[in-house]
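J.: Got a structure here, written out as structure tokens. Questions coming.
The values are calculated or read from the model by the stated rules, or taken from the named source; none is laboratory data. Since we're looking at a predicted model, the values are computed, not measured. Every residue, glycine among them, receives a Cβ derived from its backbone with ideal geometry; neighbour counts consider all protein chains shown.
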Amino acid sequence: MREITNWEKPIYIKVGGARPYYDTALAVKSGADVVVVDGMQGGTAATQEVFIEHVGQPTLACIRPAVQALQELGMHRKVQLIVSGGIRNGADVAKALALGADAVSIGTAALVALGDNDPHLEEEYQNEGRDPAGITTQDPELAKRLDPKLAGRRLANYLKVMTLEAQTIARACGKNHVHNLEPEDLVALTVEAAAMAQVPLAGTSWIPGKSGY
């Protein structure tokens, strides 16, 4: 890929949330410029329910192992880490950045902002493989339903609000930029979340798996 693009294009490698530590390390050693780690909260519906519900790891559990791999290779902030899978609002963005990601990627949330999953089309969504909102479809008649200008404005508004939310959280933490957020700005409300994010359980200094209270 480097050769056919004359070394001009960045190389992204996207991996599912299965073995984030090893997959990130392999991607870096392969020469990737960007690693995209996709947790199981991604919104795909193009497979069996058993796969959607039971394969892969939660996005939260993927971030710290991926960051650890980058840090141990001396490539954190050099090879970018993008987190995707269930990113919905500015709080999700702020948390991902605080845990060490460089950026986030959104998919389903953007489609909803464009007008997908509109409640008044609920009955029509029962037809599998067809998007009655005209967004993710190859049917020209359905595609006519999409107003690209209106959809574009909705998406722009959504992205602006998401950005403002993340900035608000950064300011509340005393930071002048969202990229200054760090794990020390976080605590977890459950033991499980504390273990996955490797941040203290709220009200304690305890990180599950590590000693001390």
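J.: Which residue is nearest to Cys62 (Cα to Cα), if the candidates are limited to segment 199-212 and must be in contact with a strand residue (DSSP E or B) (Cβ under 9 Å, 6 or more places away or on another chain) and assigned to a loop (DSSP other than H, G, I, E, B)?
T.: Val199
J.: Given the criterion modelled with pLDDT of 95 or more, within 18 Å of the chain's Cα centre (by Cα) and outside the structural domain of Asn180 (by TED's automatic domain parsing), identify the matching residue among Ala91, Ala98, Ala113, Ala151.
T.: None of the others qualify; the one that does is Ala113.
J.: Which count do you get for residues in segment 69-87 that are surrounded by 14 or more Cβ atoms within 10 Å (Cβ to Cβ) and either of a type in the set (Val, Ile, Thr) or closer than 17 Å to Tyr22 by Cβ (or both)?
T.: Residues that pass the stated criteria total 10.
J.: Of everything in segment 171-196, what is of a type in the set (A, V, I, L, M) and over 16 Å from Val104 (Cα atoms)? Give them in sequence order.
T.: Ala172, Leu186, Val187, Ala188, Leu189, Val191, Ala193, Ala194, Ala195, Met196
J.: Select from segment 57-82 the residues that are assigned to a strand (DSSP E or B) and in contact with a strand residue (DSSP E or B) (Cβ under 7 Å, 6 or more places away or on another chain) and list them in ascending order.
T.: Those that are assigned to a strand (DSSP E or B) and in contact with a strand residue (DSSP E or B) (Cβ under 7 Å, 6 or more places away or on another chain): Val79, Gln80, Leu81, Ile82.
J.: Give just the number: which of (1) assigned to a loop (DSSP other than H, G, I, E, B); (2) more than 30 Å from Thr204 (Cβ to Cβ) does Ala109 not satisfy?
T.: Failed condition: (1).
J.: Let me ask something else about it. Could you list all residues from segment 56-88 that are at pLDDT below 95 and at positive phi?
T.: Gly56, Gly85, Gly86 - these are the residues of segment 56-88 that are at pLDDT below 95 and at positive phi.
J.: Another question, then. Residue check: is Ala110 surrounded by 13 or more Cβ atoms within 10 Å (Cβ to Cβ), closer than 24 Å to Ile82 by Cα and touching a residue at least 60 places away in the same chain (Cβ under 8 Å)?
T.: Criteria not met by Ala110.
J.: Among the residues of segment 184-195, is any in contact with a strand residue (DSSP E or B) (Cβ under 6 Å, 6 or more places away or on another chain), modelled with pLDDT of 95 or more, part of a loop (DSSP other than H, G, I, E, B) and not charged (D, E, K, R)?
T.: No; the residues of segment 184-195 include none that is in contact with a strand residue (DSSP E or B) (Cβ under 6 Å, 6 or more places away or on another chain), modelled with pLDDT of 95 or more, part of a loop (DSSP other than H, G, I, E, B) and not charged (D, E, K, R).
J.: Continuing with the same structure: Asp131 fails exactly one of the following numbered conditions: (1) out of contact with any Leu (no Cβ under 6 Å at 6 or more places or on another chain); (2) of a type outside the set (Ser, Thr, Tyr); (3) surrounded by 12 or more Cβ atoms within 10 Å (Cβ to Cβ); (4) assigned to a helix (DSSP H, G or I). What is the number of that condition?
T.: (4) is the only condition that Asp131 fails.
J.: Taking only segment 180-213 into account, find how many residues are charged (D, E, K, R) and under 21 Å from Ala166 (Cβ atoms).
T.: Number satisfying all stated conditions: 3.
J.: Can you pull out every residue in segment 83-95 that is under 16 Å from Glu182 (Cα atoms) and in a strand (DSSP E or B)?
T.: Selection gives Val83 alone.
J.: Same structure, new question: In segment 1-53, which residue that is surrounded by fewer than 16 Cβ atoms within 10 Å (Cβ to Cβ) and among the polar types (S, T, N, Q) is farthest from the chain's Cα centre (by Cα)?
T.: Result: Asn6.
J.: Taking segment 54-65 as the region of interest, how many residues are over 22 Å from His177 (Cβ atoms), in contact with a helix residue (DSSP H, G or I) (Cβ under 9 Å, 6 or more places away or on another chain) and either not assigned by TED's automatic domain parsing to the domain that holds Gly42 or not β-branched (Val, Ile, Thr) (or both)?
T.: The qualifying residues number 7.
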